[in-house]
Every structure is written in structure tokens, then in C-alpha cells.
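The values are calculated or read from the model by the stated rules, or taken from the named source; none is laboratory data. Treat the numbers as computed from the prediction; the structure is a model and nothing was measured. Here Cβ is always computed from backbone atoms with ideal geometry, including for glycine, and neighbour counts include all displayed protein chains.
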Amino acid sequence: MSNSRDTLFDLTGKVALITGGSRGLGREMALAFARAGADVVIASRKQSACDAVATEVRGLGRQALSYACHVGNWQTLDDLVDAAYGHFGRVDILVNNAGMSPLYPSLIEVSETLWDKVLAVNLKGPFRLSALVGTRMAAGAGGSIINVSSIAAIRPTPLETPYAAAKAGLNALTVACAHAFGPKVRVNCIMAGPFLTDISEAWPAAAVEHIAATSALRRAGEPHEIIGAALYFASAASSFTTGAVLRIDGGRP
């Protein structure tokens, strides 16, 4: 295998399925994969938002399928996978990126409904998609699964406890699936720190100031700064990397 940069990160002929692909980090990864040669399945809750990113992907000369779904719904994920394979015939890269972390006043006020919703989107969905796609990958030509976790998994606070618990589970799922679907499927995790996506617009000023004061890089990340890690895990550049959890957080303490 050639070790030239162009060959290592080339995704020509690959198909990537990205949940939460219509905005933020998911959109950045979708467009980066398309620029590297991949066709892309964009999955998110709103069809119009998925369609918009699909149009951008096609503008880069690649094929795209937009599919509205809720990743916390088991049956919907079965339908998503059937649609992806029905349209492209294969999935080579799965990115479990969709996530949510609703605000709540206190831990005692976390409802069962909120708890179940957070665990469903952040953990149950990635488990089901990994099982569905990973099994097909392992029976076929192999592939790469990328989970998008959070620094909250190892630095939890009372402000996002259900989310942190789910993301810690996603870290564990990464390692388990690497063994379950190896050697043909690699499974890795990007443990993301604070990024300035549309979600960050709701952050209190004190939180932004704390990030600037305590992070080694003294700032939050820009969405495009996720691309390097995503391309690494998606491509032949990481051919001997699996079960890894990589912090991309600007040096959070």
C-alpha cells in the first residue's frame, strides 16, 4: 500500500453514513469526506436540513442520500440502514455523530423521559447502528466505524450527567465493537471537547470564559477542526488503529 498522503486519506469509491450530518461537526465531516472522494448518506431529524447538505455534497461532485430519522428509534435505524444499502449497495464508513444534552435545573428534576431520551440518542442509537452496519461490514469488505463521544465522558459535571453517562458508555461501546467486528472492521472514537457550533450559542458567558482560561489552547474549537481526526479514522491512514478513543479538546484539564 502506498503511504503517500493523497493515497492514505483517499476515500474514493467509499460510502459514508453520518448521523447528525445536517449541521455542526456532522456537516463538516460530510463535506470533508465528499472532498476526499466519498459518497455520503446524511441522516438527521429534519429532512430539509439533510437535503441542504446533500445539495452541498452533490456540488462537490459526489452522490448523496438525505434521510430524516430519529436515531433514538430502533425501527427507524433499521429503515435507515436498509435505505443506505438499497441506494448505494454498501456502507464503508459509519459515523455515530448525533447527540443531545438538554438542560435541566437539578439532578432531582431530571425526568425519566429526559433520561431515556438522552440515553436513546447518545448510546442506544449508536449501539443499534453499529450492530447493523458493523455486522454487514464484517461479512463483506470491512469498513470503519467512528463514534463521536465527549470529554464529558471522563470529566462529567452535574450540568450534563445523563449525557456524560451516555458518552462514557459510547467509549466502552467503541472498544467492545472493535473486538466484535474485527479484524475487518475498525472502530474508533473521537472524544470531542467544546466546539463552536450552533449549539454553543446557548452556552453561558461564564462557560466560554472558563474554556478560554483553562484549556491549553485557550479557546474552544472551530467546527472544521474535527476534520483531521475524522479523515484519519475513516481512511487507510489509520489501518492499524482500532478501539482507540482520541481526545480532540484543545487540551482540557
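The criterion of at least 2 residues that are within 24 Å of F127 (Cβ to Cβ) is met, among helices (runs of 4 or more DSSP H) falling completely within segment 147-240, by 161-181, 227-234. Residues L129, L114, L103: which one is crowded, with 18+ Cβ neighbours inside 10 Å and either of a type outside the set (D, E, K, R) or closer than 21 Å to S44 by Cβ (or both)? From the options L129, L114, L103, the qualifying one is L129. Among the residues making up segment 48-73, those that are closer than 13 Å to F33 by Cα, small (G, A, S) and within 19 Å of the chain's Cα centre (by Cα) are A54, A64. Whenever a residue of segment 157-178 is among the acidic types (D, E) and surrounded by fewer than 21 Cβ atoms within 10 Å (Cβ to Cβ), its partners that are modelled with pLDDT under 95 and not in a helix (DSSP H, G or I), lying with C-beta atoms within less than 8 angstrom and at least six residues away or across chains, give the pairs E160/S101. Residues in segment 132-142 that are touching a residue at least 24 places away in the same chain (Cβ under 8 Å) and at negative phi: L132, V133, G134, T135, R136, M137, A138, G140, A141. Annotation note: Cβ proximity below 8 Å between a residue of segment 36-59 that is more than 21 Å from D79 (Cα to Cα) and a residue that is basic (K, R) and in a loop (DSSP other than H, G, I, E, B) (sequence gap 6+ or interchain) occurs for G37/K14; G37/R62; A38/K14; A38/R62. Let me confirm something: among G99, G24, G86, G59, which residue is farther than 27 Å from A229 by Cβ and either modelled with pLDDT under 95 or out of contact with any Lys or Arg (no Cβ under 7 Å at 6 or more places or on another chain) (or both)? After ruling out the rest, the residue left standing is G86.
Look through A138, A120 and report the one residue that is assigned to a helix (DSSP H, G or I), out of contact with any Cys (no Cβ under 6 Å at 6 or more places or on another chain) and surrounded by fewer than 18 Cβ atoms within 10 Å (Cβ to Cβ). So the residue among A138, A120 that is assigned to a helix (DSSP H, G or I), out of contact with any Cys (no Cβ under 6 Å at 6 or more places or on another chain) and surrounded by fewer than 18 Cβ atoms within 10 Å (Cβ to Cβ) is A138.
Looking at V57, V40 in this structure, which one is more than 25 Å from F127 (Cα to Cα) and β-branched (V, I, T)?
When all the criteria are applied, what remains is V57.
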